[in-house]
Every structure is written in structure tokens, then in C-alpha cells.
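**Q** This is the structure I want to talk about, given as C-alpha cells.
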Amino acid sequence: MTGKITVQRPGMLTTVQDFPGRTGYWHIGVPPSGPMDDLSFRLGNTALGNDEGAAGLECAMAGPALQFDRDAVVCVTGAPAPVTVDGVLAAQWRPVHVPAGGVLDVGTVSGPGLRVYVLVQGGLEVEDYLGSASTFTLGKFGGHQGRTLRQGDILVTGDANGIHATAVPAEHLPALCKRWELAVTEGPHGAPEFFTRSDIDTLYGTDYEVHFNSDRTGVRLIGPKPDWARTDGGEAGLHPSNIHDNAYSVGALDFTGDTPILLGPDGPSLGGFVCPVTVVSAERWKLGQLAPGDTVRFVPIKAGRAASTRALGPARRAVHSSVFSTAGDGDDGVIARRDGDTAVTYRRSGDDNVLVEYGEMSLDLALRARAHALHQRLEIEKPGGLLDLTPGIRSLQVRVDPDVLPIPKLMGLLSDAEDALPAANELVVPSRSVRMPLSWDDPSTREAIQRYMHGVRADAPWCPWNIEFIRRMNGLGSVGDVFDTVFGAEYMVLGLGDVYLGAPVATPLDPRHRLVTTKYNPARTWTPENAVGIGGAYLCIYGMEGPGGYQFVGRTTQVWNHRHPEKSGPFEDGTPWLLRFFDRISWYPVEPEELMDLRSEVAAGRGGGVDITDGTFSLAEHEQFLSAHADSISEFRAGQAVAFAAERQRWSAAGEFATVG
């Protein structure tokens with residue numbers, strides 16, 4: 001029999017989560033979400049006799065007060081906090097009876113640790129979104145109305161009849177502390193290509209401090225600045241942390257400029273920054289308990305010796321606060337390299353991901369075509385244990401369940417697949433023409449720049465007008481030339497999820513339309529939904545509000561459908577994401593007021609001024625185009641390089657190009 005829970009006090013950042021969360025959508029920018037400390041969550045469910053992934057509550061710093069309309073059995077796990085039932089103290093980590101009409105009250109976390117979990121026998125009944133009950137608050141979906149709980153909310157519990165409950169065994173309890181050790185594997189991007197040997201030694205020898213500005217998207221750390229093994233990121237950007245966008249792993253240590261961030265379960269799937277080490281999957285629960293002021297020490301281990309994420313007992317090794325290891329794999333995160341017409345580098349990203357990189361670090365559609373061919377082949381083969389395939393600009397990340405598909409076996413499959421791939425220039429793919437409205441220099445983007453100037457910094461070279469900055473960076477005569485270039489370009493979508501929810505990372509097919517620029521440093525704290533910006537040689541449409549770093553050119557209509565699960569307007573196939581790999585985006589100008597009307601149309605399930613035409617893209621034909629226009633392309637790039645260097649020289653003394661965001 002089901003019951004109801006009334007939220008008398010919501011606690012802090014309390015959300016509904018399930019395990020393993022929303023899997024299978026990493027390639028279009030939907031993170032898994034789920035409990036940040038999956039171990040405490042799953043142990044609580046197991047104690048209650050639930051399926052270990054049954055929906056429950058996650059709280060940070062302080063728990064909720066919940067009134068149950070029927071007899072219930074609950075288990076509170078995670079960080080230590082006072083727990084009472086109708087004012088009587090109750091224990092954590094063991095089933096507790098709450099009578100009909102009774103109130104379970106979870107107080108403030110006393111530490112160590114940060115997050116508390118409230119599991120209910122029978123679980124919580126929540127409508128799935130993309131196959132999961134987990135809440136992704138940034139995307140405003142999943143859980144209870146896509147948000148944190150509020151006073152007065154009503155939750156529904158599942159049927160608990162016949163379920164047996166028992167306490168979590170003491171030998172299963174995870175060790176919480178203030179000084180953490182995290183088991184990491186080397187890679188994907190380490191020394192000596194990106195970091196110096198000294199940088200890596202410093203990484204392993206430093207107690208990093210957890211910054212207060214941390215959340216489920218990532219845990220920001222305070223530590224020494226790397227020296228870096230290179231001076232810049234080439235075409236990908238002016239800071240040595242910049243690379244052409246590739247997929248991230250949850251648990252990767254992402255250097256956003258010089259700032260290290262441990263990516264969490266609500267973090268981005270795609271980005272353009274290097275990650276020297278990755279927390280192994282069985283240790284990622286610790287990220288959920290890292291509190292501001294805690295310290296973190298990274299301990300390298302061999303990938304083959306990582307504990308299984310399936311283990312909840314002693315085999316998980318969570319009862320120990322220390323990581324027992326003598327060394328990592330000693331290969332700088334490079335599992336293998338393969339020569340040939342197109343060189344391949346296989347990089348380790350934790351114990352559950354392999355990042356397959358093609359060719360040199362350059363913007364070359366032939367490399368994206370090669371990654372696409374591998375993507376297609378693996379999707380057809382669908383080996384057991386394959387979980388996610390996420391393409392980047394010149395890469396494909398392959399995520400597996402290492403208990404089913406161990407990395408050595410995966411490497412054999414990848415080698416066989418590579419042998420069977422066709423030549424990249426034979427690629428002909430479906431490629432829709434997507435014509436979209438663009439409100440040039442939209443008031444919402446102007447507002448974002450003003451907020452940045454008032455709240456972050458006012459003296460940035462891209463302020464007060466991003467478009468003028470783009471003009472200078474590219475040596476154009478006027479902002480009108482920037483306008484003509486953007487509206488004359490056809491942007492090919494190379495990746496999705498660059499800033500969540502189907503947000504494209506795209507580049508003009510004609511190199512003469514590739515405006516290049518740097519990113520905000522520091523990043524913006526607010527970006528309007530569907531703002532359009534340029535960073536490096538790429539264009540992005542922001543799928544939702546949030547931080548960002550691309551230089552604004554305007555705003556367009558929605559690329560993610562929040563309101564209509566059925567086929568509607570431009571979302572004709574029923575998926576919430578508008579764009580597809582290899583779509584070709586072009587723009588037509590509209591006034592800001594007209595854009596607001598078009599956005600209202602999309603929200604109401606109508607067309608919104610988006611015109612989609614089916615077609616194909618041939619890499620061979622594109623290469624013929626490049627050959628025919630080689631001289632003018634070279635002339636354009638030469639002039640652009642001169643202007644870019646002059647602007648860089650103008651600001652480099654002040655360190656403006658340590659790009660982030």
C-alpha cells in the first residue's frame with residue numbers, strides 16, 4: 001500500500017535521486033545525476049530491503065522534517081546528523097519505524113562529510129524522465145517538479161509490504177573524514193604532453209583544499225598553479241589547458257584554466273579542458289562527502305586494481321580512509337598508440353572510460369568523420385557492458401561497465417573495429433539544414449555582460465561589447481563585418497552537450513567564416529538560455545541558463561524542449577533535443593521582440609521560426625571545396641593571425657588569456 005509524505009521543512013538542497021541515474025544520454029549533454037554519494041544511498045536502500053537504486057532523498061548540510069501519513073520504515077545514511085522520530089533520538093544506518101502521523105526530523109550535519117540520505121522502505125514513486133527519477137535542477141527536470149523540495153510538497157511512497165529490513169553491517173560503513181585520499185588513474189591528458197613531470201609530482205604531493213564554491217556539478221579545489229608543458233592550446237585556445245572539445249568522465253580532475261575541479265554527477269559531458277587524472281568509479285562516492293575546508297590527496301593506482309562499483313561491502317574498501325597503493329600504471333594515461341594514415345591514441349579516463357583520439361590536435365572534419373565511423377560501428381555491434389558513446393571534435397569516449405567489459409577486452413574490440421573502418425573521405429552522413437532566427441546583440445546578452453562587469457570584473461578586454469572584441473580579434477573593419485560573417489556562415493554541429501542539454505559545439509564549414517576568439521576569464525556566473533556565442537573557432541547555443549565563457553553574438557530559440565514530451569514544433573521526432581550531429585545551422589536576423597514571440601511559439605508547441613530540411617554531407621565534396629578555395633582561405637587565415645597576435649600582445653601582459661568557462 002502506498003503512502004504520502006508531507007514536507008514540513010525541506011532541509012538544504014534536498015532532491016529526489018535514484019541510482020544509477022539517467023544513463024545513456026551523455027552524448028547529448030544530459031548528465032546522469034543520481035546520488036553524489038552512491039555508496040551511502042545504496043547501503044540505505046539495501047538495509048530496507050529495497051532495490052539498491054530505488055528513489056530516495058539527498059540533502060546537503062541539513063536534512064528535512066517529513067510527516068508520514070502511514071506507518072513507514074526509513075533509513076538515514078551519509079554524513080552524521082541528529083535524527084529524531086517525534087522528538088525521540090533515532091540511529092543512522094539502521095531501519096527506523098515512523099508511525100502514522102509521525103515526523104522524521106533530520107538535523108544539521110555535524111561532520112565529517114556533507115550529504116545525508118533519507119531512504120524509505122518501498123522507495124519514492126516519482127515519474128521517470130528519460131528513464132530516471134533523478135533530479136537535475138539545472139535542467140529543471142526529474143524528481144519532484146525538477147527542483148529541490150519546498151515546504152508543503154507531497155511525496156508518494158511505494159508499497160513496502162513483505163519487505164524485510166536489517167541494519168547496515170558495521171564493516172560496510174564508509175569512512176568519513178576531513179582529510180581525504182582519492183584513488184585515481186592517470187589520464188586522459190597528463191605529462192609530458194600537457195603537464196610537466198613536476199606538475200604531476202606536485203599533483204600527487206599536494207593536499208588540495210575544497211573550495212566553498214562547490215556543488216553537484218563539480219568540486220572546486222584550491223592548490224598550486226601548474227607550470228604547464230606547453231605555452232598555449234593552439235587552435236583550441238590561448239591557455240595551455242585548452243583542447244578541442246572531448247567528452248569528460250564523472251570524477252575527472254578538470255583544469256579549467258589553472259583551476260582544478262573534480263567533475264560531479266551533474267557536471268558537463270563535453271568540454272575543452274585537460275584532465276590529468278580521474279577518480280576511479282568505486283571512489284566517486286567520496287566526492288559527495290567533500291565539505292568546504294576539507295583536504296584532498298590524489299593517490300595513483302593501477303586501473304586493473306580498482307575496486308568494483310558493484311561491491312557494497314568490504315570489497316569496496318570504503319571502510320578505510322586511506323588508499324593503499326604503491327604506484328599507478330606509469331603510462332601517463334596513454335593505454336596505446338596506433339600509427340597509420342590516421343594516428344590513434346587511446347587514453348584512459350578512470351577505470352571505466354577509454355578516450356579514442358584521432359590525429360593531431362587540429363580542427364579537421366576528417367578526424368570528426370573518423371570518430372563518427374567508429375561510433376556507428378560500435379553502436380551496431382553493441383557489445384555487452386557498453387554504456388555510453390560520446391563523440392568530441394576529434395575523439396570518441398567509450399564508457400563501459402568494467403565488471404562486464406574490462407578495459408583490456410574493450411581495447412581488443414576497438415582494435416578490431418579500427419581495422420574495419422572505411423577511409424574517412426568516403427563518409428556521407430545525414431546532414432539536415434537547420435535555419436534558425438538570431439536576435440543580433442540581443443538585450444539579454446547585453447544584460448549578461450553588464451552583470452559580469454558589475455559582479456565579476458569591469459576591466460576585461462571583451463567588455464563592454466563582445467562583438468567589438470570579436471572584430472578586433474579577427475582584424476575585421478567593422479562590427480558590420482562580424483554580422484555579415486556570422487549570417488553568411490553555415491555551422492556544422494560536431495558535438496552536443498557542450499554546455500548541457502543538446503547545446504551544439506559547431507564550426508563553420510568555410511574556414512573563411514571561422515571567427516576565432518578567447519573565452520571569458522573568469523567565466524560568467526549567468527548566461528541567458530539560448531544565448532549564442534563564439535569561443536576558440538567554435539559556436540555554441542547555450543541550452544539553459546548558467547555560467548559560461550563564449551563571446552556573445554546574440555540569442556535564438558530553444559534547442560531543448562522542456563514542456564512537450566510529444567512531437568511538437570521543430571521537435572518533430574519527439575526527442576527533447578533539437579539538433580543532431582552533422583546538422584548545418586544557418587541564421588536569419590530577427591528583432592528582439594520578434595524573437596520573444598518565436599520563443600513563445602516554441603514553448604506552446606509550435607514552429608518558432610525554425611526551418612529544417614533533410615540532406616547529406618559528403619566529406620569528399622567538402623575537401624574538394626577546400627582545395628578549390630585554398631588561396632583565399634590561406635589569405636584570410638594570415639590576416640586573422642596577425643590581428644589575433646596583435647590583440648593577444650595587447651592584453652597578455654595582464655594575463656587576460658588564461659581562459660576559463
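Values quoted throughout were computed directly from the atomic coordinates according to the rules given, and no laboratory measurement underlies them. These figures come from a predicted structure and were not determined experimentally. So basically every Cβ, Gly included, is an ideal-geometry build from the backbone, and we count neighbours across all protein chains shown.
**Q** With unit charges on the beta carbon (Lys/Arg positive, Asp/Glu negative), name the residue among 617, 143, 243 whose Cα is farthest towards the positive pole of the charge dipole of the chain.
**A** 143
**Q** For residue 351, which sequence-distant residues (separation of 5 or more, or a different chain) have an amide H within less than 5 Å of its own amide H, given hydrogens modelled in the peptide plane?
**A** 281
**Q** For a quick protection proxy, order the peptides 128-137, 263-272 by their average other-Cβ count within 10 Å, most packed first.
**A** 263-272, 128-137
**Q** Can you put 75, 463 in order of Cβ neighbours within 10 angstrom, beginning with the fewest?
**A** The order, fewest Cβ neighbours first, is 463, 75.
**Q** About its Cα centre, how strong a charge dipole does segment 433-630 have in debye, to the nearest 20, once Lys and Arg get +1 and Asp and Glu get -1 at the Cβ?
**A** For this selection, approximately 600 debye.
**Q** Here's a follow-up. Just order 540-551, 362-373, 614-625 by mean Cβ neighbour count inside 10 Å, highest at the front, would you?
**A** 540-551, 362-373, 614-625
**Q** Could I ask something else about it? Indicate the gyration tensor shape class of segment 3-172 (rounded, prolate or oblate), computed on the Cα atoms with a ≥ b ≥ c the square roots of the eigenvalues: a/c under 1.5 is rounded; otherwise a/b larger than b/c is prolate and the rest oblate.
**A** Judged from the Cα gyration tensor, segment 3-172 comes out rounded (a/c under 1.5).
**Q** Using the 10 angstrom Cβ neighbour count as an exposure proxy, how do 361, 436 rank, fewest first?
**A** Lowest to highest Cβ neighbour count: 361, 436.
**Q** Is segment 433-630 rounded, prolate or oblate when judged by the Cα gyration tensor, a ≥ b ≥ c being the square roots of its eigenvalues, rounded requiring a/c under 1.5 and prolate requiring a/b larger than b/c?
**A** Oblate, since a/c reaches 1.5 and b/c is not below a/b.
**Q** Dipole size in debye (nearest 20) for segment 103-242 around its Cα centre, Lys and Arg Cβ +1, Asp and Glu Cβ -1?
**A** Here the size comes out at about 360 debye.
**Q** Let me ask another. What number comes out for the charge environment of residue 338, summing +1 per Lys or Arg and -1 per Asp or Glu over other residues with Cβ under 13 Å away?
**A** The answer is -3.
**Q** Can you tell me the relative contact order of segment 433-630? Whole percent, Cα pairs under 8 Å, sequence separation 6 or more.
**A** Computed value for segment 433-630: 28 percent relative contact order.
**Q** Can I ask one more? Count the DSSP beta bridges whose two residues both fall in the chain, then state the antiparallel fraction as a percent rounded to the nearest 5.
**A** About 90 percent, rounded to the nearest 5.
**Q** Can I ask one more? Can you give me the long-range amide H partners of residue 441? Hydrogens built in the peptide plane at 1.01 Å from N, cutoff under 5 Å, separation of 5 or more residues or another chain.
**A** 554, 555
**Q** Students often forget the sequence filter, so: which lysines lie under 25 Å Cα-Cα from residue 286 once same-chain residues fewer than 8 apart are removed?
**A** Candidates past the 8-residue exclusion: 178, 225, 302.
**Q** Given the peptides 425-434, 411-420, arrange them by the average over their residues of other C-beta atoms within 10 Å, most packed first.
**A** So the peptides 425-434, 411-420, ranked by packing, come out 425-434, 411-420.
**Q** Picking from 444, 475, 463, whose Cα lies most toward the positive end of the charge dipole for segment 437-491 (charges on Cβ: Lys, Arg +1; Asp, Glu -1)?
**A** 463
**Q** So if I restrict to the alpha-carbon atoms in the chain, what is the Rg, and what is Dmax, the biggest pairwise distance, in Å?
**A** So, for the chain, Rg and Dmax equal 25.1, 81 Å respectively.
**Q** Only Cα pairs under 8 Å and at least 6 apart count here; give the relative contact order of the chain as a rounded whole percent.
**A** Computed over the chain, the figure is 12 percent.
**Q** Run the Debye formula on the Cα coordinates of segment 179-423, all scatterers equal and no solvent, and tell me log10 I(q)/I(0) at q = 0.12, 0.15 1/Å.
**A** -0.65, -1.03
**Q** What is the local net charge at residue 473, summed over the other residues whose Cβ is closer than 11 Å to its Cβ (Lys, Arg +1; Asp, Glu -1)?
**A** In short, +2.
**Q** So what are the ³J(HN,Hα) numbers for segment 287-300, from phi and the Karplus equation (6.51, -1.76, 1.60; θ = phi - 60°), rounded to whole Hz, Gly and Pro as x?
**A** After applying 6.51 cos²θ - 1.76 cosθ + 1.60, I find 4, x, 10, 6, 9, x, x, 5, 10, 10, 10, 8, 10, x Hz.
**Q** Only counting other Cβ atoms within 10 Å, I'd like 380, 261 sorted with the fewest neighbours first.
**A** In order of increasing Cβ crowding within 10 Å: 380, 261.
**Q** If you don't mind, there's one more thing I want to ask. Between residue 297 and residue 457, what's the calculated FRET efficiency when r is the beta-carbon distance and R0 is 30 Å? Round to 0.05.
**A** FRET efficiency, residue 297 to residue 457: 0.40.
**Q** For the charge dipole of segment 519-602, defined by +1 on Lys and Arg C-beta atoms and -1 on Asp and Glu C-beta atoms about the Cα centroid, which residue among 556, 539, 528 has the Cα displaced farthest towards the positive pole?
**A** Working it through, the farthest residue towards the positive pole turns out to be 539.
**Q** For the chain, what is the charge dipole size about the Cα centre, in debye to the nearest 20, if Lys and Arg each add +1 at the Cβ and Asp and Glu each add -1 at the Cβ?
**A** Around 1260 debye, computed over the chain.
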